[in-house]
Structure formats: C-alpha cells, structure tokens
C-alpha cells in the first residue's frame, strides 16, 4: 500500500471557511473535495476505477492519502469545525467506495 | 559452459538475474557478426502506434494516430502524446518489430537511454505526463497465441501518490487464467537527467532481468493474452511508450514528450 501524508496545522483551522480553504489547497487540485471530487478520484486511481476503468493501468498498488491534522489538541473543543472535517472526508470516501471499492482518505490527528 | 547455458543457469536465481545483465563484449561482437544485432542513435524506422492506455473526455473524438508522433533528430528521438492538447489521454507506442519464426529460441538483450525534457508538476500546463514505459514482448502467434515479455512503467502523474514509482508487468491470480497488472518495485526520481534501461528476456528458461542506470530491479516473466485478431506469426517487439496525462472532464490537456537515444537489441543463441 502506498501512503502519502499531507498535513494541515490544527491552529490554522480558524473556522469552517478556513478549513474549506485548507482542504482545497491540500492536493494541488482545486475542488478535489467538493465539485471536482469525481475527477480527482478518477485521476489518482487510474486502473482501479470500476466505472472509467482502463485495463492498461491495472495495478496491485492501493494508494491511500493520509490527511494529518498537526497540533490538533484544540480541535475537540470546536465541534462545528470537527464535524465539517469528518463530513468532507466521509463524503470523499463514500464516493471512492462507489468508484473503486475502497476508501482513499485516512484522517490522522497528532 | 557456453555463454547461452551460463545465462540460462544464471537466470534461474535472483542473483543470476543480475548476471544476465552483464553482457560480455565478445558475445556482443559475435551477435553483430551473425547479423543478430540491431542498434541506432535514434528510433528512425521504428513503428508508431496508438496503445490501449487511452481515454477521451465526454464530447471528445476518440484518440487517433494524429494525436501521437515520434520525431527523429539523428542523435535522439522524441516520443510525443496528445500533440494537439485535446481532452484526451493518448498512448504512443514506438517499437522495433522483427518477425522471426524461432525468435523464442534466443535470449534477447535490449537497452536504450531516455530523458524527460521537463519535470511534470501540479503547476505545469503545457507539458505533463501519466507514464513512460519500456517493453520487450514476443507474440507467439503460431503456437500458444500468448504474448511473452517484460515491461517497466514509470509513474509521472504528479497528482498521484505513486509519482516516480517504477512498476513491472506481472501475472497474478489463477495460473491457468492469469490477470496482468503493474506491481511497484521501486522509485526513480523524476528529473531531466538521461537514464538507461536494460531488459533481458529468455523464453526457454522463462527468465527476465532489468536494470535502470545499472541498478538491478525486480522484473517478471509475463504472459499476456491478446485479441483473436492478432497475427499467426512469431513477432518480437522492443518498445518505448508514453502516455499523456489523464484529462478528467477538461476539453484541453497537456501534451507529453520523452526523449530516447542509443538503443541496442542483441539476439543471443
């Protein structure tokens, strides 16, 4: 399994809006976590995809993207932000389960 | 022990696979004298075909021969894919093909150098990439009707976790009905340096070897079924391949270029 860690500093998440901006910039693919999520999933899972599958790219690799929230000790005290984060990750994973049969994102608090 | 027997014995182990990569100069000279050696500085006279790693965004015409090109400059060639920067992913296979009935009786030693003229990145629009590939296959059209070979894939899509990963083509699943997949075997930093690839293929011992920049890599003897329309002849192919980046729903997408030079293909009997 190929794992890549992308970090968001916990103290940079001021509110739901800054969380959206931080997520949006995380994969260098604007809109990846919202309006362009299907396109992003297809892009990073060529060959695995059950819907737009291209046989030439069949692989044993299973890419997993880790989103690490560093310095996350204060996040538990901000339920709206935490709920928004969980909601976004869950939406992407639900979509990737539908398209490739497994989740793509792993949320890590450190 | 004659050289062929040594190569076969050596190929039976992982250490032996490394030995396969050390080509004795007297054997090279012999192959050349027997007219079983092909080489060049560029890929002039190689064939160019659209491969199966293709995709067209909604509303885009399917990928066609016009979407790929291979240009020759004397000291190197340039493989190009998605030359019109359409909303497609184009697959350029540039290959040298020899139709020889007893091609499976030889050990095949293949090599060339390759270079990216740019570094793919998430901020690059004019040029970006999905893969580079090198391959050697023999289509046994007159007997088993299977394609035997060895292949390498270098992942160049900068949005993928596997950016820079090297993969090799393997069989998995039921040996009677194997599936073909790419398996990661290492990493090659994505840069604009010249790199070398060596492929060794021995059908008789079902053995392969591969080296990048002189470093031995894991490789696999693979068996691939093909469409019933493939010919009834025995055809050996040595190829370089590129695939342009997946376009998503974009009506325009970057093109991809790879330079190749100094190729050699020896047949050892």
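List of remarks:
- Considering only residues in segment B:146-157 that are within 12 Å of another protein chain (Cβ to nearest Cβ) and assigned to a strand (DSSP E or B), the one that is nearest to residue B:123 (Cα to Cα) turns out to be B:155.
- Qualifying residue in segment B:65-81 (condition: within 14 Å of chain A (Cβ to nearest Cβ) and out of contact with any helix residue (DSSP H, G or I) (no Cβ under 6 Å at 6 or more places or on another chain)): yes
- Number of residues in segment A:40-61 that are outside any loop (DSSP other than H, G, I, E, B), surrounded by fewer than 18 Cβ atoms within 10 Å (Cβ to Cβ) and more than 7 Å from chain B (Cβ to nearest Cβ): the value is 0.
- All positions within segment B:114-145 that are under 30 Å from residue B:31 (Cα atoms), assigned to a strand (DSSP E or B) and either at pLDDT below 95 or within 12 Å of the chain's Cα centre (by Cα) (or both): B:114, B:132, B:133, B:134, B:135, B:136, B:137
- The residue list B:180, B:171 contains one member that is over 16 Å from the mean Cα position of the chain (by Cα), within 14 Å of chain A (Cβ to nearest Cβ) and within 19 Å of residue A:58 (Cβ to Cβ), which is B:171.
- Odd one out for residue A:105, checked against (1) touching a strand residue (DSSP E or B) at 6+ places or on another chain (Cβ under 8 Å); (2) within 13 Å of chain B (Cβ to nearest Cβ); (3) at pLDDT below 95: (3)
- Filtered residues of segment A:28-43 (kept if farther than 14 Å from residue A:6 by Cα and out of contact with any helix residue (DSSP H, G or I) (no Cβ under 9 Å at 6 or more places or on another chain)): A:35, A:36, A:39, A:43
- Residue check, residue B:143 within 19 Å of residue A:63 (Cα to Cα), away from chain A (no Cβ under 14 Å) and loosely packed, with under 14 Cβ neighbours inside 10 Å: no
- Among the residues making up segment A:29-54, a single one is more than 12 Å from the chain's Cα centre (by Cα) and on the phi > 0 side of the Ramachandran plot: A:47.
- For segment A:62-81, filtering for residues that are within 14 Å of chain B (Cβ to nearest Cβ), surrounded by fewer than 18 Cβ atoms within 10 Å (Cβ to Cβ) and touching a strand residue (DSSP E or B) at 6+ places or on another chain (Cβ under 6 Å) leaves 2.
- Scope segment B:240-269; condition surrounded by 24 or more Cβ atoms within 10 Å (Cβ to Cβ), farther than 30 Å from residue B:102 by Cβ and within 14 Å of the chain's Cα centre (by Cα); matching residues: B:242, B:243, B:258
- When B:111, B:133 are screened for being in contact with a strand residue (DSSP E or B) (Cβ under 6 Å, 6 or more places away or on another chain) and within 11 Å of chain A (Cβ to nearest Cβ), only B:133 passes.
- Hey, residue A:25 exposed (fewer than 14 other Cβ atoms within 10 Å of the Cβ), in contact with a helix residue (DSSP H, G or I) (Cβ under 7 Å, 6 or more places away or on another chain), modelled with pLDDT of 90 or more and more than 10 Å from every other protein chain (Cβ to nearest Cβ) or not: no
- For residue A:68, the requirement of being part of a strand (DSSP E or B) and out of contact with any helix residue (DSSP H, G or I) (no Cβ under 6 Å at 6 or more places or on another chain) is met.
The values are calculated or read from the model by the stated rules, or taken from the named source; none is laboratory data. Computed from a predicted structure; not experimentally measured. Quick reminder, even Gly has a Cβ in these numbers, built from the backbone with ideal geometry, and neighbours come from all protein chains shown.
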